[in-house]
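The values are calculated or read from the model by the stated rules, or taken from the named source; none is laboratory data. Only a predicted model underlies this, so the values are computations on that prediction, with no experimental measurement involved. Cβ: placed from backbone, ideal geometry, glycine included. Neighbour counts: every protein chain shown. Areas reflect the complete protein model, heavy atoms only, side chains present, ligands, DNA and RNA absent. Shrake-Rupley method; radii C 1.70, N 1.55, O 1.52, S 1.80 Å.
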Amino acid sequence: LMAMTVHRPDSDRESVMRAWTRGTKDALVRFMEPARDAGNATLKRGDDMWVFAPRLNRVVKIPFSMMASSWMGSDFSYNDLAKSDQLVVDFDDRVIDTETNDSHVVYVIEATPHPSAPVIWGKEVVRIRDDDLLLEETFFDQDGKPVKRMSARAIGMLDGRRYVTRLRMVKLEADDEWTELDYRDARFDLDLPDGLFTLSNLRNPRPQWEGPPK
């Protein structure tokens with residue numbers, strides 16, 4: 001269960017959503033609040049992604065050409081939601097520095113995409129703690145210029161696990177525009193049914209799968 005705040009110089013907009021994930025390939029995000037967004041949903045299955053808009057009563061598959069587009073008006077893109085294990089699969093990674101954070105070792109990793117990888121970025125620089133917490137990810141364009149940065153704003157406990165509980169994505173050319181994801185509650189190691197990650201459930205959600213967290 002999480003909230004998303006989209007900050008702009010003249011306004012803030014908050015949404016509440018529920019999300020389910022299974023491994024690195026399957027994910028479903030469904031908006032609950034505000035009322036105008038309720039029912040909007042995004043499904044990721046493997047490398048494919050769809051969205052459902054209840055007002056239009058349509059399921060639309062997101063083509064690769066739109067993966068860099070804004071997701072629900074935020075500073076996160078569809079590609080940010082879809083990549084999961086992309087840094088391992090599509091990039092060559094090398095440690096370029098080490099730091100310390102709260103008595104942990106932090107590895108600074110430069111990730112350069114494979115020549116044939118379906119990646120829009122020229123490179124990424126990632127800071128990962130030795131307990132697997134992602135502290136920061138900076139995205140560079142093809143000319144080596146940093147474009148946006150995702151950073152951990154808070155670390156806490158969720159369902160007995162240490163977790164990054166608040167993430168901020170900011171455009172580096174407009175640092176007064178950003179989006180934060182605030183993880184409010186979570187449950188891990190659930191036995192999720194296959195039918196959860198289907199186009200049918202994307203359009204017509206089944207109440208019995210609206211399980212924890214409350």
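Observations, loosely collected:
- Per-residue ³J(HN,Hα) for the stretch 128-134, Karplus 6.51 cos²θ - 1.76 cosθ + 1.60, θ = phi - 60°, Hz, x for Gly and Pro: 10, 7, 5, 9, 6, 7, 7
- Over the Cα atoms of the stretch 1-77, the radius of gyration divided by the Kirkwood radius equals 0.96; this is the Rg/Rh ratio.
- Alpha carbon convex hull of the stretch 64-214, projected area averaged over orientations, nm²: 11.2 nm²
- Accessible carbon and sulfur surface of the chain relative to its total accessible area, %, 1.4 Å: 49 percent
- Here the relative contact order of the stretch 91-214, from alpha carbon pairs under 8 Å that lie six or more residues apart, stands at 13 percent.
- Dipole of the stretch 62-214, positive end: most advanced residue of H114, L199, M66 [Cβ charges, Cα centre]: L199
- Under 5 Å, built H, 5+ apart or other chain: amide partners of D159: A186
- Taking packing as the residue-averaged number of other Cβ atoms within 10 angstrom, the listed peptides 96-104, 163-171 run from highest to lowest as 163-171, 96-104.
- The chain, relative contact order [Cα under 8 Å, separation at least 6], %: 17 percent
- Helix-only CD estimate at 222 nm, as mean residue ellipticity for the chain, using -39500 (n - 2.57) per DSSP H run (n ≥ 4): -1000 deg cm²/dmol
- Residue-wise HN-Hα couplings along the stretch 145-156, as the Karplus relation 6.51 cos²θ - 1.76 cosθ + 1.60 with θ = phi - 60° gives them from phi, are 9, x, 10, 8, 9, 10, 9, 6, 9, 7, 10, x Hz; Gly and Pro carry x.
- Pairs of Cα atoms farther than 14 Å apart, the stretch 114-163, %: 61 percent
- Between amide H atoms placed 1.01 Å from N, distances below 5 Å from K148 occur with F139, L172, all of them 5 or more places distant or on a separate chain.
- Of the trypsin sites (Lys or Arg not before Pro) found in the stretch 35-121, the ones in coil according to DSSP and having at most 10 other Cβ atoms within 10 Å of their Cβ are R36, R55.
- For D26, the amide hydrogen comes within under 5 Å of the amide hydrogens of G46, counting only partners 5 or more places away or on other chains and with H modelled in the peptide plane.
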